[in-house]
């Protein structure tokens, strides 16, 4: 059996770890709240944009982003986190992304976040572009990335663009980014005037739509990462609590055993002297 | 007698304005467009300019420096999706002036085509913000 002092040392270590976990949980909950707010802040814009696209694509206006082609080259955009200690957040995402990539031929990846970038680089995936580390997402970064993707799609370098990320709810999803699928549920107000004309509007609209979709996906992924970390850290501190209870029990037992041992010694010695 | 309609101004990551208005004037690419309640459905691309909203309540007009984006008009509602949108009263004049100087310098230095286009756009935005901020309120 371990000595009393060893057990005491162990208890102290576990308690320290528990404190770190608690601190990380607190920090992550604050970050979670902030990142959820950022996701919500983009909603009015995205919804309004979607509304216009619905009406426009119901008409005859066309744009390269809306045209589906025979798929020869695909690119998969994967969004992970920069850091670990978030439970299965990164592992789940990388597993699903690898599966998506695995069932396609002629495929490249664009990786956002350090975890997936490292994982894909290690496995010799064809990584076309990466944002790593991603840090705090800036609209400008992802607007530029969306423009880059859109341009390559329009020039026929890629025939299909997929997006793999985690939603705020925590589910890993695969979405088609390009060609843009017109949202359902069209609401038409008779004849709409387009100033200057439908094609010019689409030309301006679709790149912006792409930018916001990519940016919102990144923001959702960040919020999901914080949520996953909050859950992981609260589980970890619960486990630490359990471990402390168990160790305290062991400690008390071993202390009692030591006392009993000493008492028997004393009693034994006393009766020997008599 | 003026009839109010709902106006919402949103930028990519925040809501700039939401309220009732009796009229608004927006900088479309082909020139300023005025909107009243009951306007025919219209989708217009926006240029860099000043958006003026006359609110329904007796309050001073609201001016917003916008650049790029869209205006979606339905008979009882106008949604403006701007690439950037700043209320005139919130513009930091000093920063806008600095931005103008920077853009001018970049134009004078003369670089590649892309840089020139970008600097021109930046200059236009800076001038627009300064104009919005300096305009006297009615």
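Stick to the Cα atoms of region A:1-50, pair each with every other, and give me the Kirkwood hydrodynamic radius in Å at one decimal.
That comes to 14.3 Å for region A:1-50.
Enter the per residue convex hull volume of region B:8-98, computed from alpha-carbon coordinates, in Å³ rounded to the nearest integer. Could you put the intermediate results ahead of the total?
Details: hull volume 8.4 nm³, N = 91.
With only Cα atoms used, region B:8-98 gives 92 Å³ per residue.
Kindly give Rg over Rh for the protein assembly as shown, based on alpha-carbon atoms, with the Kirkwood expression for the hydrodynamic radius.
Values: Rg = 30.0 Å, Rh = 25.4 Å.
Here Rg/Rh amounts to 1.18.
Over chain A, with a Gaussian network built from C-alpha contacts below 10 Å, which listed residue (A:62, A:28, A:132) shows the highest mean-square fluctuation?
A:62
Calculate the length of the line joining the C-alpha centroid of region B:59-73 to that of region A:201-262, in whole Å.
So the two Cα centres are separated by 44 Å.
Considering the convex hull of the alpha carbon atoms of region A:62-224, report its projected area averaged over all viewing directions, in nm², one decimal. List each step's numbers first, then the result.
Details: hull surface 42.2 nm².
In nm², the orientation-averaged hull projection of region A:62-224 is 10.5.
What angle do you read, to the nearest 10 degrees and between 0 and 90, between the alpha-carbon axis of helix A:4-58 and the longest principal axis of chain A?
Helix A:4-58 sits at roughly 10 degrees to that axis.
Rounded to the nearest 0.05, what FRET efficiency do residue B:93 and residue A:197 give with R0 = 60 Å and r taken as the Cβ-Cβ distance? Could you check?
For R0 = 60 Å, the calculated efficiency reads 0.95.
If I fit a long axis through the Cα atoms of helix A:198-273 and take the longest principal axis of the Cα atoms of chain A, what angle between them do I get, 0 to 90°, rounded to 10?
That works out to roughly 10 degrees.
For the protein assembly as shown, what is the calculated [θ] at 222 nm in deg cm²/dmol (nearest 500), taking -39500 (n - 2.57) for each run of four or more DSSP H residues and dividing by its residue count?
The helix-only estimate for the protein assembly as shown comes to -18500 deg cm²/dmol at 222 nm.
Divide, for region A:24-133, the radius of gyration over alpha carbons by 2.2 N^0.38 Å, where N is the residue count. The partial results should precede the final answer.
Details: Rg = 18.0 Å, N = 110, 2.2 N^0.38 = 13.1 Å.
In units of the 2.2 N^0.38 Å rule of thumb, it is 1.37.
State the percent of C-alpha pairs, over all pairs in region B:92-134, separated by a distance greater than 14 angstrom.
Looking at region B:92-134, the distances longer than 14 Å represent 43 percent of pairs.
Roughly what angle does helix A:139-154 make with the longest principal axis of chain A, taking Cα atoms, 0 to 90 degrees, to the nearest 10?
Taking Cα atoms only, the helix is inclined about 50 degrees.
Please figure out what share of the DSSP beta bridges in the protein assembly as shown is antiparallel and state it in percent, rounded to the nearest 5.
Here the share of antiparallel DSSP bridges comes out near 65 percent.
Would you give the gap between the C-alpha center of region A:1-29 and the C-alpha center of region B:76-101, rounded to a whole Å?
52
Can you compute the radius of gyration and Dmax for region A:109-183, using only the Cα atoms, both in Å?
Reported Rg and Dmax, both Å: 13.1, 37.
For chain A, set up a GNM with springs between Cα atoms under 10 Å and report which of A:104, A:263, A:235 has the largest fluctuation.
Among A:104, A:263, A:235, the largest mean-square fluctuation in the Gaussian network model of chain A belongs to A:263.
Once you have the Cα-Cα distance between residue A:123 and residue A:253, take 0.36 nm times their residue separation minus that, and quote the gain in nm to one decimal. Intermediate values should be presented prior to the final figure.
Details: separation 130, 0.36 × 130 = 46.80 nm, distance 5.07 nm.
That pair, residue A:123 and residue A:253, stretches by 41.7 nm at full extension.
Just so you know, all these numbers are worked out from the coordinates, no wet-lab data involved. Every value quoted in this text rests on a predicted model; they were computed, and no experiment measured them. Cβ coordinates were reconstructed from backbone atoms using ideal geometry, including for glycine residues, and neighbour counts include every protein chain displayed.
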